[in-house]
């Protein structure tokens, strides 16, 4: 009997994804990113002194254990709250992929703010253009 390791890995991945979706749905959290990752540099993290990222996390994916900040991957929605609240640049790095395929990466609060402002500006421009295109049809 031969074992197909690739099939086993893909099946495990599907099960983890289904479990994640069920968990987030139960919490009432919507996912905006199809995949992502969060890396915490424990060498420069000041977690014992601040724990701000843990307090800021809306899904409680971050927690303090064994003298460092840890992450429950299944709960993380890559929202940037941890990076925005961190007092140390490059301590937390978030990489996330949007449903349109665009990948975003940031590790400093200023980078996250710039990204969020760009997204907000794009939405405002789209809204204004829709409003004015509708109005022009009535004039």
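Odds and ends about this structure:
- Whenever a residue of region 57-76 is on the phi > 0 side of the Ramachandran plot, its partners that are surrounded by 13 or more Cβ atoms within 10 Å (Cβ to Cβ) and part of a helix (DSSP H, G or I), lying with C-beta atoms within less than 7 angstrom and at least six residues away or across chains, give the pairs 60/75.
- Test: residue 77 is part of a loop (DSSP other than H, G, I, E, B), modelled with pLDDT of 90 or more and more than 14 Å from residue 38 (Cβ to Cβ): no
- Flag if residue 94 is assigned to a strand (DSSP E or B), under 26 Å from residue 41 (Cα atoms) and in contact with a helix residue (DSSP H, G or I) (Cβ under 6 Å, 6 or more places away or on another chain): yes
- Test: residue in region 117-138 that is farther than 19 Å from residue 24 by Cα, surrounded by fewer than 16 Cβ atoms within 10 Å (Cβ to Cβ) and touching a helix residue (DSSP H, G or I) at 6+ places or on another chain (Cβ under 8 Å): no
The values are calculated or read from the model by the stated rules, or taken from the named source; none is laboratory data. Please read all numbers here as calculations on a predicted model, not as lab measurements. We place every Cβ from the backbone using ideal geometry, glycine too, and count neighbours over all the protein chains shown.
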